[in-house]
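Take a look at the structure set out below.
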Amino acid sequence: MAGQTDPHISLFSPQEVEFMAEDELVEIVPNMNMEQLNFISGDFGRFIPQIPTKVPLWLAVALKRRGKCTFRPPGWMSVDNLTQILEAERESQSTFQALPFSYVEIARLLFDHARDDIPDMYMVRSLVEDIRDVRLHKLETNLGSFQGTSAVKISNVSAMEVNIVRPFVIRALEAFYKHDKPEADVDRDTRSSRQQREANNEPRRPLRQR
């Protein structure tokens, strides 16, 4: 795919992250009869009116646009659940609450294409935005406490959040590796390089005559 638009800013654009999230399964309620659909990614259906079924998000959006289904919002998108998650995110500055890996992209696509299927849509959207802002602030704050290491593990971070901080983390780890490298290794590499240059410049001895 067309990823890695600018490695100095982000490895993927927001549109590319959203594209990958469209493979997530969501539940729809068809309003038509349709035989099973066969794709490279799998088989979905058969579609029977008023019988819920799960399909990839991209297929659900395509059917919704044609008036062929309604969405069943994921359980985590309820006002009560999002309110609890927001409160928990604010209480702890070191941990992140469990959310779908692509929660930002899923929510955005549902807000764009299925707002009439989401109860209390405006409240849900406000809560999702607040959760995203709190988590990004915590993530930026926690990155400031980096120490020399060879890996970084942060649980329950979403796709968009990973994409935002990945370039900084990569540069930070590269810097830690560079500055933590033992001086002996550096000296050995320097001596080896100097000896190689000297050997290359050493004049050749004439062959001994028989």
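The values are calculated or read from the model by the stated rules, or taken from the named source; none is laboratory data. All values reported here derive from a predicted model rather than from experimental measurement. Positions of Cβ are backbone-derived with ideal geometry, glycine not excepted, and every protein chain shown enters the neighbour counts.
Of the residues that sit in the range 136-162 and are assigned to a loop (DSSP other than H, G, I, E, B) and modelled with pLDDT of 80 or more, which one is surrounded by the most Cβ atoms within 10 Å (Cβ to Cβ)? Steps first, answer last, please.
First, the residues of the range 136-162 that are assigned to a loop (DSSP other than H, G, I, E, B): 144-158.
Among the residues that remain, those that are also modelled with pLDDT of 80 or more are: 156-158.
Values: Asn156: 12, Val157: 16, Ser158: 24.
Here the residue is Ser158.
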>> Filter the range 75-104 down to the residues that are within 19 Å of Val162 (Cα to Cα) and charged (D, E, K, R) and list them by number.
In response: Glu89
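Somewhere in the range 31-47, is a residue acidic (Asp, Glu) and modelled with pLDDT of 95 or more?
No, that holds for no residue.
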